[in-house]
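> Input: one structure, supplied below.
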Amino acid sequence: MTRFTFPLVLLAALAGTATGLHGQAQAADRNTAPSFTVRTFDGKTTRLSELHGRPVVLDFWATWSRPCRVSMPDLNTMQERYRGRGLVVFGLSIDEAEPLEVRNFTEKLGVRFRTGMADERVLDDYGPIRSIPTTFFINRQGEIVRRVVGYIDAETFESYVREIL
């Protein structure tokens, strides 16, 4: 070995071990859905921990987003189709409008799944949320199986829901 080979090999091994441990911690943190508590538009408080054991579709959306408005019927359909298998669809608005205004919007649109307002903590925990819709598919163990940024067509959306059932 040259005089630099051994220290480089040792440094690479140590770096690999540190990176491996760090990568596992990041993966565990990234895969576990952060806990949250929000008040829904129907006045109830919902905690993610209450939904443990049930598959959850968590959708971040806004009233001013056309792709979000277009996806609302698909979210309704998935909630109705898979309710019997435990699915919970939960939409959190990132709007800066008053909650009453957003609630009126959801009623006008015929939204039939749980909805509420995302607060800064939820946005930080699930973020960065840079584009909407951003949708998380959470399995029965509380793990984020998939994070999708942007509109999801109905067929693809259903295949993602089936993954978490």
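Where a number appears in this text, it was derived from the coordinates with a stated rule and is not lab data. Computed from a prediction, not measured in an experiment: that's the story for all the values here. Counting neighbours? That spans all protein chains shown, and the Cβs are built from the backbone with ideal geometry, glycine included.
> With a cap of 14 neighbouring Cβ atoms within 10 Å, and only residues DSSP puts in a loop, list the GluC sites (Glu not before Pro) found in region 60-165. Don't jump to the answer; show the numbers that get you there.
Numbers: sites: Glu80, Glu96, Glu101, Glu107, Glu120, Glu143, Glu155, Glu158, Glu163; in loops: Glu96.
Sites meeting the loop and neighbour criteria: Glu96.
> Can you give the FRET efficiency for Ser49 and Arg85, using 1/(1 + (r/R0)^6), R0 = 35 Å, r = Cβ-Cβ distance, to the nearest 0.05? Please list the in-between numbers first.
Values: r = 20 Å, r/R0 = 0.58.
According to the calculation, E is roughly 0.95.
> Using a Förster radius of 25 Å, what is the FRET efficiency between Ala97 and Val148 based on their Cβ-Cβ separation? Nearest 0.05, please.
The value I calculate is 0.50.
> Identify the trypsin sites (Lys or Arg not before Pro) of region 92-138 meeting these criteria: DSSP loop state and at most 13 other C-beta atoms within 10 Å of the C-beta.
Qualifying residues, ordered by number: Arg130.
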